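What follows is a short report on a single structure.
Every read-out reported here was derived from the displayed coordinates using simple, explicitly stated rules and does not represent laboratory data. The structure presented is a predicted model; accordingly, all values stated were derived computationally and were not measured. Heads up, the Cβs are rebuilt from the backbone with ideal geometry, glycines too, and the neighbour counts pull from every protein chain shown.
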Amino acid sequence: MSLKNIDLGLKQSLIEIITPKVTKKIVPGIDYIPVTGKVLDVDDLLYGVDAVLDGWLTTGRYAADFEKRLASYFGSRFSLLVNSGSSANLVAFYALTSPKLGDRAIKHGDEVITVAAGFPTTVNPLVQFGCIPVFLDVDIPSYNIKAEEIEAAISPKTKVIMLAHTLGNPFNLDIVMTIAKKYNLWVVEDDCDSLGATYNNMKTGTFGDLATLSFYPAHHITMGEGGAVLINNPSLKKIAESFRDWGRDCWCEPGKDNTCGKRYDQCLGELPCGYDHKYTYSHIGFNLKVTDTQAAIGLSQLNKADLFIAKRRENFAILYSKMKSLEEYFILPEPTPNSNPSWFGFMLTIRDNKKINRNNLIRYLEEQKIGTRLLFAGNLTKQPAYINVEKRIYGQLTNTDRIMNDSFWLGVWPGLEEIHYDYIIEIIRKFI
């Protein structure tokens with residue numbers, strides 16, 4: 001898509017303003033080294049300006065183009081833009097609750113297989129709907145679900161497997177999809193941290209019925225706030241759109257009317273026949289659309305997705321090679337067999353025989369201007385918000401607790417270079 005609103009004079013003026021803002025370098029030891037970050041260039045912001053100059057503002061031409069290009073990039077049937085990765089998880093899960101799905105619709109009290117070592121928004125939608133999370137432990141050093149335990153955890157109430165590919169490392173999709181087919185379970189892939197990862201040479205996000213993405217600035221591409229639902233099961237397309245767009249039965253795009261040709265010709269619910277289809281609601285939905293400015297920036301970023309992914313893999317390899325000298329102190333992350341991760345972070349777990357206090361170490365790193373993160377919630381079942389949530393724990397969450405106490409991760413985002421990793425290793429050595 002070309003820029004239609006920016007003439008050459010305006011473009012040159014904008015380039016002069018924008019360039020200094022997107023070319024600043026991070027100097028180790030002087031500047032803070034963020035664990036995540038966005039990489040923007042002039043084109044990204046010019047696309048955003050072009051969308052603003054349309055004067056349309058809400059979802060429009062850029063959003064429509066982004067959805068088509070994103071689905072094509074993954075090889076998915078469809079994609080649906082939403083205002084965050086959290087909203088993507090909300091829409092994906094709620095789509096499976098639709099009465100339009102008949103006997104396969106998720107109902108209150110049904111169970112969902114997931115893990116406690118992750119981010120809350122993978123689990124929150126099912127809790128909010130009234131389902132029961134079934135928490136399984138994870139492996140170290142993949143940090144993904146112990147897939148060999150899934151089948152034994154299934155009960156007659158189990159309807160869904162909803163999991164994230166942890167820090168860009170795919171979970172075992174062979175086992176998950178085989179079990180899902182055997183027990184007729186829905187699969188939702190949380191792909192928010194793993195855009196571009198592959199399993200058996202296929203992109204993650206294309207295996208399950210639905211998948212989710214985040215375009216928050218920390219993620220592989222960004223539009224500020226934003227996310228998407230990848231829809232691989234075509235029966236879910238209109239349902240997911242409905243939940244995103246107020247729950248309405250109509251699927252007209254913003255500013256469009258009577259796409260179905262039956263706007264005043266339907267008899268639905270207990271409404272009078274002919275009631276305006278544009279204001280007929282088949283679900284208890286939300287308004288989770290993006291602005292076209294966000295979509296425009298995202299479209300420009302999508303053009304560079306493969307470059308960003310390659311740089312993340314390169315940074316992971318650089319840091320891995322340097323951390324090998326400290327392997328007696330830390331368990332290093334490893335990719336899941338048959339996968340090519342799109343790394344979101346570099347996970348480290350302190351070895352049992354080393355008396356290193358994780359909290360003291362990350363405090364020291366932060367004092368030396370090195371950003372770190374924990375594996376999000378650590379153990380969701382011990383978080384204040386989840387203490388009284390109805391749940392089932394299968395087996396022991398031994399590794400989950402270990403991650404909660406002894407693990408953290410470092411950044412591999414495309415804004416970092418080898419010079420940053422040399423500094424990080426130097427500082428970790430000083431602490432040890």
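Summary table below
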item: Pairwise centroid distance, computed over Cα atoms, of the stretch 47-99 with the stretch 337-360, Å; result: 33 Å
item: Volume per residue of the C-alpha convex hull in the stretch 130-232, rounded to whole Å³; result: 112 Å³
item: Normalised contact order of the stretch 305-431, rounded percent, pairs of Cα under 8 Å and 6 or more residues apart; result: 37 percent
item: Inter-probe distance in nm under a simple model that places probes 7 Å from Cα toward Cβ, at residue 178 and residue 352; result: 2.9 nm
item: Relative frequency of Cα-Cα separations exceeding 19 Å in the stretch 305-431, percent; result: 54 percent
item: Loop GluC sites (Glu not before Pro), the stretch 247-347, which have at most 16 other Cβ atoms in a 10 Å radius of their Cβ (DSSP); result: 270, 327, 328
item: Proximal lysines to residue 369, defined as alpha-carbon separation beneath 20 angstrom and excluding residues fewer than eight positions away on the same chain; result: 24, 25, 38, 322, 430
item: Largest to smallest principal axis extent of the C-alpha atoms in the stretch 8-66, angstrom; result: 44, 28, 15
item: Convex hull of Cα atoms in the stretch 261-317, direction-averaged projection (nm²); result: 7.3 nm²
item: Candidates 40, 236, 57, ranked by Gaussian network fluctuation over the chain, Cα under 10 Å, top entry; result: 57
item: Alpha carbon Rg of the stretch 52-302, scaled by the compact-globule rule 2.2 N^0.38 Å; result: 1.02
item: Scaled radius of gyration (Cα, divided by 2.2 N^0.38 Å) that the stretch 13-103 gives; result: 1.54
item: Within a Gaussian network of the chain (alpha carbon springs, distance under 10 Å), most fluctuating of 16, 418, 111; result: 16
item: Of 203, 21, 237, the one that fluctuates the most in a GNM where the chain has Cα springs shorter than 10 Å; result: 21
item: Between the stretch 389-416 and the stretch 293-323, the Cα center-to-center distance that results, in Å; result: 23 Å
item: Chymotrypsin sites (Phe, Trp or Tyr not before Pro) lying in DSSP loop within the stretch 8-82, provided at most 15 other Cβ fall within 10 Å; result: 32
item: The chain - Rg over Rh from alpha carbon coordinates, Kirkwood radius; result: 0.99
item: Largest to smallest principal axis extent of the C-alpha atoms in the stretch 222-301, angstrom; result: 46, 26, 20
item: FRET efficiency estimate (nearest 0.05) - Cβ-Cβ, residue 328 to residue 25, R0 41 angstrom; result: 0.75
item: The chain: calculated mean residue ellipticity at 222 nm from DSSP helix runs of at least 4, using -39500 (n - 2.57); result: -10000 deg cm²/dmol
item: Part-to-part distance (alpha-carbon centres) for the stretch 178-210 and the stretch 244-270, which is given in Å; result: 31 Å
